[in-house]
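Let me begin by presenting the structure, written as structure tokens, before commenting on it.
The values are calculated or read from the model by the stated rules, or taken from the named source; none is laboratory data. It should be emphasised that the depicted structure is a prediction, and the values quoted were computed from it without experimental measurement. Here the Cβ positions follow ideal geometry from the backbone for every residue, glycine too, while neighbour counts run over all protein chains shown.
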Amino acid sequence: MVATSNLKEFSFKELKMATGNFSPDAWVGDGDLWKVYKGWMDEKTLAPSKSGDGMVVAIKEYPKMEPNFELWQSEVNFSGRHYHPNLIGLLGYCWEDEKLLVVYEFMQKGTLHTHLFRNKKSRGCAIEPLSWDIRLKIAIGAARGLTFLHTLEKKVIYKDFTTYTILLDENYNAKLSNFCFARFGPSSEEASVSTVIKADIFGYIAPECITTGDLYLKSDVYGFGVVLLELLMGLRVNDPEHPCGKQNLVDWLKPILSQETKLKTIMDAQMEGQYPSEAALQAAQLSLRCLELDPRSRPSMKEVMEMLKEI
């Protein structure tokens, strides 16, 4: 079924113990198809331990066997096979009767989305505004993760690149999570595979995926361009509360991203002007290249990563 020789197969009983019987206090968050809990385990043996003892882990529970088995299997397959500092570390899994769960390293700072768009306390932790240096660090880390996936011998299209799927550790190192929608890609950047679009990532998904159902390696590059925009502006890609004409971040900003004087007026106010204007312009122009309508005109993720490192 999966390449799991380096993963632990947990019993459901062990995961109940690790989370205090999936206590509300252990709840971290929800996705459309799963819930995530904080658990405690022995650092060496991964045996369940009491709250506050050992190391913290993240336990993701798929609520039903059907139709989620394929998603769970894909997540275990991709996360279990591939290891990189900018990919979330999978520790093990549980498949018992109708129960489907995965166990990951716990990321102390949560999602990038939380830090960009929630200026309040989250689960008891104050959310501090992200500095320019931290934003650039996050962008470079995420780019490294995508570059790794795109340059594997059997290339992987991540497909789910959003501010929700970028997790941050205590030092703001970015790690890509949620591999249940990942696909093995074609051997060439010019070739495509067919795909089904997730409704909740409209705005991040590349135009060719919507119009033709074709998914390229460079479809991930488009999603990266959207997230880079959100990092710069501190605005959501889709926001119905914005005035007409400004509800879609890409459509609104593409015409003005290369104009330095206008760029200053739309940069995230939470940075309070504390960023190098030339570097911000370079990052904005890079996002424009990532957002080209023709996937062939977009840079590769390796090129994106190298350009970010030079900013």
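Structure data summary
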read-out	value
Residue among M305, M271, M233 that alone is of a type in the set (A, V, I, L, M, F, W, C) and in contact with a Gly (Cβ under 9 Å, 6 or more places away or on another chain)	M271
Residue check for L253: touching a residue at least 12 places away in the same chain (Cβ under 8 Å) and part of a helix (DSSP H, G or I)	yes
Options L90, L71, L116: the member that is over 27 Å from W132 (Cα atoms) and crowded, with 21+ Cβ neighbours inside 10 Å	L90
Odd one out for S79, checked against (1) modelled with pLDDT of 90 or more; (2) crowded, with 20+ Cβ neighbours inside 10 Å	(1)
Neighbours by Cβ (under 6 Å, 6+ apart or cross-chain): first from segment 294-311, modelled with pLDDT of 95 or more; second not in a helix (DSSP H, G or I)	R298/E292
Selected residue [surrounded by fewer than 21 Cβ atoms within 10 Å (Cβ to Cβ) and not in a helix (DSSP H, G or I)] from K264, K309, K246	K246
Within segment 20-66, considering residues that are loosely packed, with under 15 Cβ neighbours inside 10 Å and part of a strand (DSSP E or B), the one modelled with the lowest pLDDT	D30
Residue check for N248: touching a residue at least 40 places away in the same chain (Cβ under 8 Å) and in contact with a strand residue (DSSP E or B) (Cβ under 7 Å, 6 or more places away or on another chain)	yes
Enumeration of residues in segment 196-243 that are at pLDDT below 85, within 17 Å of the chain's Cα centre (by Cα) and part of a loop (DSSP other than H, G, I, E, B)	I197, K198, F202, G203
Output for segment 13-59, where each listed residue is aromatic (F, W, Y) and farther than 20 Å from C180 by Cα	F22, W27, W40
Single residue of S277, S297, S287 found to be assigned by TED's automatic domain parsing to the domain that holds A139, surrounded by fewer than 18 Cβ atoms within 10 Å (Cβ to Cβ), of a type outside the set (K, R) and within 20 Å of A139 (Cβ to Cβ)	S277
Test result for M55, closer than 21 Å to L87 by Cα and aliphatic (A, V, I, L, M)	yes
Filter result (more than 17 Å from T163 (Cβ to Cβ) and not aromatic (F, W, Y)) within segment 203-218	P207, E208, C209, I210, T211, T212, G213, D214, L215, L217, K218
